[in-house]
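Below you'll find the structure, written out as structure tokens, and then a few comments.
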Amino acid sequence: MGQIVSYARKGAIGFITVDNPPVNALSIGVRKGIVDCLAEGAADTEAKALVLICAGRTFIAGADITEFNKPLEDPDLNAVIAALEDCPKPVIAAIHGTALGGGLETALGCHYRCAAPSAQVGLPEVKLGIIPGAGGTQRLPRIAGVQAALEIITSGDPIPAAKAHALGIVDEIIDEKLEGAQAFAEKVVAEGRPLRRIRDLDDKVAEARDNAAIFDEARKAVAKSKRGFEAPQHGINAIEAAVNLPFDLGLEREREIFGEALFSTQSFAQRHIFFAERQVSKIPDIPKDQSTLPIRSAAVIGAGTMGGGIAMNFANAGIPVILIDSTQELVNKGLGVIKKNYAGTVAKGKLTQEKMDHRMGLIAPALSFDAIKDVDIVVEAVFEEMDIKREVFKKLDAICKPEAILATNTSTLDVNEIAAVTKRPEKVIGLHFFSPANVMKLLEIVRAEKTSKETLATALALAKTIKKVGVVVGVCDGFVGNRMVHGYVREAMFLLEEGALPQLVDKALYDFGFPMGPLQMSDLAGLDVGWRIRKRQAATRPKDERYAEIGDLLCEQGRYGQKTLSGFYKYEPGNRNPIPDPEVEAMCIAESARKGITRRAISDEEIVKRCVYPLINEGARILEEGIALRASDIDIIYIYGYGFPVFRGGPMFYADSVGVESVYNDICAFHKEHGKLWEPAPLLERMAKEGKTFTMG
Ligand code: T1G
């Protein structure tokens, strides 16, 4: 392997090149290499200016996150940046790809910055539960202004080169290949531009010195937009220090805040999720060079809510898709919903009309399966009844070309049973989209017994193409997400019998960090969905098993949730805000009386444990059965499919952060008090007794 940082001069310009794949992260080798090559360039009398540039697909994308849990080795990044700033010759950063975190901080330590038009810059540290730790909170406000720094640092989102240029972060936009870096450096020399150190600039932070309101407004905005996250608030505090303290004291304050955040539970959780979402596509028995099938055309069977949303995913990725249903009316209705969805996005300014028209043009309606005989993949999204699905797959198997992949969007049914009606079980797979399918990023990829490695690898590649987080799961009732969510909703309903009301249960989970509680979530999904599943499971439900009828009672009254303007809550037409309903309160009280339960006040702490611990317990069973490959896969499913708060890391990481033994002990207590539904999972019991964790190695 070549040097990860090298020096070479072209004409009068010295180039310091970082080559540390895959993203030129600032490992100790890179930090040392930059300092050494900087000294070499400074001593090179032929070099009138230096350019810091990167090989590969991107400029430095940040500190090396894999080093965070190791002792820090010198030189630390602040020392590297100080060396850049103090270089006696102009140092220019040439940015392509994404200059993120420590990468942007390093570039801000240079005297000037040029960038490719497609480059992006950002400080995403808050997404890892920390803040910029190498002067980003002190230099960015000095070059781009306090308001821009607040937005960039608290959002963690990158900005395009053009915007960075407008803000003064980038001094020159050059060409994509950065060939213009040499010319820009020569221009800096020819114009005799000064060795401008951002740390010496004061005018932009001075403006904010008498405007404390800017920080109070930022705190209020972030408390709403990033509810529950600590890091954005830390970022605001560090920027405030940049305004009110001399640079070096501000840098010290930043370092203090960074240190606190780095060892916070939230940061461990968010770093866990960062790596977990990159692990999901790594399947132990699928080699990296596994062949995949090209997906250049698709079909969706069923133009309902799910089918329409699924079709949009293909169109959004530029893949022509045929949308099939049994009547022209159904197909037209489905197309109408798709058009309305796109129009909504256009109205919000997030899609151009031209792109909408192009995408609509990629969705072709059809009534006959003959239209799809040549497509590469078919996704079935018909009614959730096994007989209907089997019929559809028999037809697909007979009509589609032999190499076509046949996928089912079933949310609970046995994919092996569906595959068995075809002559190509190796081509059959589950692609479980989450509603709304054109919005939710989670895709459960259900690997059936005979699904081939090529089919599975193709599905994983397709997930990336359609910008979904594809998680491979095994076949069982509800796979991973829905199988676990039963316990979450079941306990919420039991709590209604024991003394709580919907708004109390939901508030406890909202305050825990979910976007909404289990009962409001059920109203959104439709109470009839759970009702249908409970009726299907009734035949096999043990007679002595505790069961909450409240959900069935609501459905029997036609209260299906938001779509009928009443469920656990009431709703005004066109308004999703839940309104507590005295009728439901009366039903809860009546159910308690009917069951002889004395209602009691129930603490938020108990509500959270009763609803979240079933996720952990079932997750342990799922792991033991091999339905999920990793505990971190389960965390990703809950973060992306059910809104589990990222700053708590997902249910399995959360169990580790609370303590597996503590969770186990509480589950044992619930088991004693509430019966067999709380039987501890054997794996959980073993881990509690052996002091093991799900996600901490
Ligand atoms: N450190 C270590 N490994 C990293 C990394 C990093 N910063 N970024 C990515 N990787 C690995 C990743 O795990 C994966 O590994 C491979 O690179 C490809 O990544 C001091 C303290 C740059 C936009 O937060 O946002 O600087 O799975 O699949 O989709 O203030 O990676 O192949 O083994 O994501 O093309 C701040 C994080 C750090 C940027 C590219 N920086 N990275 O996306 O590839 S904190 C970040 C990203 C910091 C300073 C602070 C993305 C990307 P593997 P990938 P991608």
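The values are calculated or read from the model by the stated rules, or taken from the named source; none is laboratory data. Given the structure is predicted, the values throughout are model-derived calculations rather than measurements. Methodologically, a virtual Cβ is constructed for each residue, glycine included, from the backbone with ideal geometry; neighbour enumeration extends over all protein chains shown. The area values use the complete protein model at the heavy-atom level, side chains included, leaving out ligands, DNA and RNA. Shrake-Rupley method; radii C 1.70, N 1.55, O 1.52, S 1.80 Å.
Observations, loosely collected:
- Qualifying residue in region 154-162 (condition: in a loop (DSSP other than H, G, I, E, B), under 25 Å from residue 244 (Cβ atoms), within 14 Å of the ligand (Cβ to nearest atom) and open to solvent by less than 60 Å² (accessible area, probe 1.4 Å)): yes
- Flag for residue 15 being in contact with a strand residue (DSSP E or B) (Cβ under 6 Å, 6 or more places away or on another chain), within 16 Å of the ligand (Cβ to nearest atom), aromatic (Phe, Trp, Tyr) and not in a helix (DSSP H, G or I): no
- Taking the numbered list (1) open to solvent by less than 70 Å² (accessible area, probe 1.4 Å); (2) within 30 Å of residue 453 (Cα to Cα) in turn, residue 284 passes all entries but (1).
- Selection from region 536-554 of residues that are part of a helix (DSSP H, G or I) and under 19 Å from residue 517 (Cβ atoms): 550, 551, 554
- Failed condition for residue 382, given (1) in contact with a helix residue (DSSP H, G or I) (Cβ under 9 Å, 6 or more places away or on another chain); (2) open to solvent by less than 30 Å² (accessible area, probe 1.4 Å): (2)
- Number of the condition not met by residue 686 [criteria: (1) free of Cβ contacts under 8 Å to residues at least 24 places away in the same chain; (2) open to solvent by less than 50 Å² (accessible area, probe 1.4 Å)]: (2)
- Which numbered condition residue 176 misses (of (1) touching a His at 6+ places or on another chain (Cβ under 9 Å); (2) of a type outside the set (Phe, Trp, Tyr); (3) surrounded by 13 or more Cβ atoms within 10 Å (Cβ to Cβ)): (3)
- Leading residue by the ranking (farthest from residue 641 (Cα to Cα)) among those in region 397-409 that are surrounded by fewer than 23 Cβ atoms within 10 Å (Cβ to Cβ) and either of a type in the set (Val, Ile, Thr) or touching a residue at least 40 places away in the same chain (Cβ under 8 Å) (or both): 399
- Residues that are touching a strand residue (DSSP E or B) at 6+ places or on another chain (Cβ under 8 Å), assigned to a loop (DSSP other than H, G, I, E, B) and not small (Gly, Ala, Ser) are absent from region 181-188 altogether.
- Any chance residue 252 is closer than 19 Å to residue 109 by Cα and either within 16 Å of the ligand (Cβ to nearest atom) or surrounded by 22 or more Cβ atoms within 10 Å (Cβ to Cβ) (or both): yes
- For region 36-53, filtering for residues that are of a type in the set (Gly, Ala, Ser), open to solvent by less than 30 Å² (accessible area, probe 1.4 Å) and either within 12 Å of the ligand (Cβ to nearest atom) or in a helix (DSSP H, G or I) (or both) leaves 1.
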